[in-house]
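Below is one structure, written out as structure tokens; the observations come after it.
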Amino acid sequence: MGGDLADVRLWAGELSAVHERFVHRFSRQEPRDSALAYMRGLIAPLERKNGWTLAEEAGHAGPDRIHRLLNRIEWDADEVLDDVRDYVAEHLGDPDAVLIVDDTGFLKKGIRSAGVQRQYSGTAGRTENSQIGVFLAYATGRGRTLIDRRLYLPTSWTDDRKRCRRAGVDDSVAFETKVAMAKAMVRRAIRDKIPFRWVTADAAYGYSKGWRSELEQADVFHVMATTRHDTVVTRWAMDHPVHDLFTGLPKQKWKRRSCGAGAHGPRIYDWARVEVRPWHREDRRHWVVARRSVSRPHEISYYIAYCPAGTTLDELIRIAGSRWAVEECFQTAKQECGLDDYQVRRYPGWHRHMTLAMAAHACLTVLRARELDLDGESAETDPPSSSTSASPRSDA
């Protein structure tokens, strides 16, 4: 979207509409106003989005009001997130939507920020001093945005309750694996009746047989990446390595398909699937899906799928490829909404910042979806033009 006055008014109006969803969560006017000012600052074209720059953008004399909002005033970020998730469901809700779990790193200095330690960060591609957040994305044909978040606390934190208390971590917050956090977020989406059809995640989460079993018991369809060392139940063995299923598979069983557009064009691979678990219910199927590199055939990735009986290979490929939507969410939320541009050290403050940044990202996603809808309506109703260039369209 462009940066003209009409766009600014559009953004401001929609941010106010999102803000109205959760304004009742604040007991006083100051935090209500600060929350709206904070979101406006997050989507403003500022080089850095810290307490001082956001305060200046809001017209405050200093960052005190911003700091109070994130660190001292009482409000429940999970309740606000409930309202944001309802907003997303109302405007983007789709019964065919995909829930995508992934984590992202936030590089940090020092040792005082909640959850910080030297740990592998996918953002940096190496082990760095960082915080790790686990997120749930909601992806539809009209847009994708983040709808849940958890800050991962390593055992170096949860085993040191004094350190936790200094960072605002309540004694009731125990160690949770990232997979446990993922389970909790999907359960919450189900509880809140968020419309969706599929769940997908990378191998760090999909390798968990326990989680796959839980999803199956709830009849939640999923396509989960896993490792070549994973095993499945087949008619030949109780623990059959997935990579052995594709050895000697006839050439005609492999189909060359794109699983979606990437940064360098379509992501094209060779795909095949083998059915497993022969005693499943009649209207459901279990598959192991293999994705093989075209240029390096020895590089094969694997997925475990649970789905309706009539699901095609192309549909499973689409769901496997949709996992990249969460990477797009991280990128746009960091670039446009300051997701990673925060100066809070305390555990509640991290969740508060993330919630408001996710609200801002949801707002922009909804606005873009509406823009696509208008473009589609225009294409259907406008008469053909002999001009080679389209006329400017007014959104006012």
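The values are calculated or read from the model by the stated rules, or taken from the named source; none is laboratory data. The structure presented is a predicted model; accordingly, all values stated were derived computationally and were not measured. As a convention, Cβ positions derive from the backbone with ideal geometry for all residues, glycine included, and neighbour counts pool all protein chains shown. These area figures cover heavy atoms from the full protein model, side chains too; ligands, DNA and RNA do not enter into them. Shrake-Rupley method; radii C 1.70, N 1.55, O 1.52, S 1.80 Å.
For this structure, a couple of remarks:
- Relative to the longest principal axis of the Cα atoms of the chain, helix 5-22 runs at roughly 80 degrees.
- Solvent-accessible surface of protein heavy atoms, probed at 1.4 angstrom with all chains present, puts TRP211, TRP254, TRP324 in the order TRP324, TRP254, TRP211, largest first.
- Full extension of the segment from GLU282 to ASP219, taken as 0.36 nm per residue of separation minus the current Cα-Cα distance, would add 21.4 nm.
- Rounded to the nearest 500, the 222 nm mean residue ellipticity of the chain from helices alone is -12000 deg cm²/dmol, with -39,500 (n - 2.57) taken per DSSP H run of at least 4 residues.
- Gaussian network model of the chain, Cα within-10 Å springs - most flexible of ILE66, ILE111, ILE194: ILE111
- Taking all protein chains into account, the per residue accessible area for the chain stands at 49 Å² (1.4 Å probe).
- Calculated FRET efficiency for the pair MET238/ASN50, C-beta based, R₀ 41 Å, to 0.05: 0.15
- Here the 3J(HN,Hα) profile of segment 79-89, calculated from phi with Karplus coefficients 6.51, -1.76 and 1.60 at θ = phi - 60°, is 5, 4, 4, 4, 5, 5, 5, 4, 4, 4, 4 Hz, Gly and Pro shown as x.
- DSSP finds beta bridges in segment 150-283, and of those with both partners inside it, around 65 percent are antiparallel.
- With 0.36 nm allotted per residue and the present C-alpha distance subtracted, the THR227-ARG68 stretch has 52.7 nm of extension available.
- Here the chain is treated as a Stokes sphere of Kirkwood radius computed over C-alpha pairs; at 37 °C and 0.692 mPa s its diffusion coefficient rounds to 143 µm²/s.
- Summing charges over all other residues whose Cβ lies under 14 Å from the Cβ of PHE175, with Lys and Arg as +1 and Asp and Glu as -1, gives -1.
- Whether segment 122-166 is rounded, prolate or oblate, judged on the alpha carbon gyration tensor where a/c under 1.5 counts as rounded: oblate
- Rounded accessible area of ARG368 (nearest 10 Å², 1.4 Å probe): 80 Å²
- Percent carbon-and-sulfur accessible area, segment 230-287, ignoring ligands, DNA and RNA, probe 1.4 Å: 52 percent
- Surface listing: ARG257, ARG188, ARG318, ARG48 arranged by accessible area from highest to lowest gives ARG48, ARG318, ARG257, ARG188, probe 1.4 Å.
- Cα-based shape type of segment 48-115, given that a ≥ b ≥ c are square roots of the gyration tensor eigenvalues and the cut on a/c is 1.5: prolate
- Given +1 at the Cβ of Lys and Arg, -1 at the Cβ of Asp and Glu and no other charges, the dipole of segment 83-182 around its Cα centre is 740 debye to the nearest 20.
- Anisotropy class of segment 117-237 from Cα gyration tensor, a/c 1.5 cut: prolate
- Residues of segment 111-141 with amide N under 18 Å of the 7 Å Cα→Cβ point at ARG267: 122-125, 135-141
- These residues, GLU56, GLU79, GLU20, GLU216, go from largest to smallest accessible area, 1.4 Å probe, as GLU56, GLU20, GLU79, GLU216.
- Estimated FRET transfer efficiency when R0 is 22 angstrom, pair GLU20-GLN335 (beta carbons, to 0.05): 0.25
- Between helix 29-43 and the chain: long-axis angle, C-alpha atoms, 0 to 90°, nearest 10: 60 degrees
- Degrees between helix 178-191 axis and first principal axis of the chain (Cα, 0 to 90, nearest 10): 80 degrees
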